Amino acid sequence: MTLPSGVGNRLLAALPAADLDLLAPELEMVPLDRDAVVSRAGDQTEHVFFPHSGAISVMVDMANGQTVASAAIGREGAVGTLSVLGPSHTAVTAVVRAAGTASRIPASRFHTAFSRSPAIRHAVQIHFKAMLIQFQVGGACNALHPVQARMARWLLQLRDCIDDDVLPLTQEALSQILGVRRTTVTLLMRNLRASGAIRSERRGEIEIDPSRLAAAACECRDTMRLEIEEIFSMNAAGSRALVLPTQ
């Protein structure tokens, strides 16, 4: 399978050709439609998705119907990789927030390739480390930081995923992501528009000013981004070391 030029999933793109060939016969390119549910809490994991573009939020569903987002996944990650630990029901719901494309592979086929390839296992470890950072920092952020700072952080994270200042989000989607009432989001949007951090909001799209929004956000977005980039940088350095010629 040929990865899309310029938007390839970073986990797949980092695999040596021989290891990618283990996945390629079973990979299929699929659209990620906005608001589509990629996986639902309680369901068996059927597929593993590797986004090439777009953004997916990982949602925790509470018994009373409330939701809150615990992570954002773009082209640096994947959905469904926990299936390598064995058949199980997923504990979270993954929702497409920004449309894009992904490579999809049956979970059973991915497990087989995972068992055969140290490089694929290493890529999954990288993904798990990156997700753990989001869960740890995000959990502390949700507990300790004001909701306006958290909203600014989430808008910037989604901006990082799609590399665009116009975010395809509604206030309802933001209330689900943040775990707050819609009226709270309306008030926060008004405050951020007044500061210039949000330039406009229309037809389910929010246009942001990244630099001004960063001033309103907590430090968690930068912490996550820097630590995740360090993980990928260390992996790239290790991969280069493996192919250095011997003297």
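The values are calculated or read from the model by the stated rules, or taken from the named source; none is laboratory data. Nothing here was measured: the structure is a model prediction, and the numbers come from that model. Backbone-built Cβ (ideal geometry, glycine too); neighbour counts: all protein chains shown. Heads up: the accessible areas ignore ligands, DNA and RNA and are worked out on the full protein's heavy atoms, side chains in. Shrake-Rupley method; radii C 1.70, N 1.55, O 1.52, S 1.80 Å.
Being open to solvent by less than 10 Å² (accessible area, probe 1.4 Å) and in contact (Cβ under 8 Å) with a residue 12 or more places away in the chain is the requirement here; does residue 133 meet it?
On the way: open to solvent by less than 10 Å² (accessible area, probe 1.4 Å): no; in contact (Cβ under 8 Å) with a residue 12 or more places away in the chain: yes.
In short, no.
Could you list, in sequence order, the residues of the stretch 178-214 that are open to solvent by 50 Å² or more (accessible area, probe 1.4 Å), small (Gly, Ala, Ser) and under 23 Å from the mean Cα position of the chain (by Cα)?
211 - this is the single residue of the stretch 178-214 that is open to solvent by 50 Å² or more (accessible area, probe 1.4 Å), small (Gly, Ala, Ser) and under 23 Å from the mean Cα position of the chain (by Cα).
When you scan the stretch 176-229, how many residues do you find that are in contact (Cβ under 8 Å) with a residue 24 or more places away in the chain, in a helix (DSSP H, G or I) and under 24 Å from residue 134 (Cβ atoms)?
18
Given the residues 83, 88, 57, which is the only one that is closer than 24 Å to residue 151 by Cα and either more than 16 Å from the chain's Cα centre (by Cα) or buried (at least 17 other Cβ atoms within 10 Å of the Cβ) (or both)? Spell out the reasoning first.
Numbers: 83 fails: closer than 24 Å to residue 151 by Cα; 88 fails: closer than 24 Å to residue 151 by Cα.
Unique residue meeting the criteria: 57.
Quick one: in the stretch 108-123, which of the residues that are open to solvent by less than 10 Å² (accessible area, probe 1.4 Å) and hydrophobic (A, V, I, L, M, F, W, C) is farthest from the chain's Cα centre (by Cα)?
So, considering only residues that are open to solvent by less than 10 Å² (accessible area, probe 1.4 Å) and hydrophobic (A, V, I, L, M, F, W, C), the one farthest from the chain's Cα centre (by Cα) is 113.
Quick one: residue 128 ticks every box in (1) farther than 28 Å from residue 233 by Cα; (2) without any contact (Cβ under 8 Å) to a residue 60 or more places away in the chain bar one, so which box is it?
In the conditions (1) farther than 28 Å from residue 233 by Cα; (2) without any contact (Cβ under 8 Å) to a residue 60 or more places away in the chain, residue 128 misses (1) alone.
Just to be sure I understand, how many residues within the stretch 220-229 are of a type in the set (Asp, Glu) and surrounded by 14 or more Cβ atoms within 10 Å (Cβ to Cβ)?
Qualifying residue count for the region: 1.
Kindly indicate whether any position in the stretch 148-164 is surrounded by fewer than 17 Cβ atoms within 10 Å (Cβ to Cβ), free of Cβ contacts under 8 Å to residues at least 12 places away in the same chain and under 28 Å from residue 66 (Cβ atoms).
Within the stretch 148-164, not a single residue is surrounded by fewer than 17 Cβ atoms within 10 Å (Cβ to Cβ), free of Cβ contacts under 8 Å to residues at least 12 places away in the same chain and under 28 Å from residue 66 (Cβ atoms).
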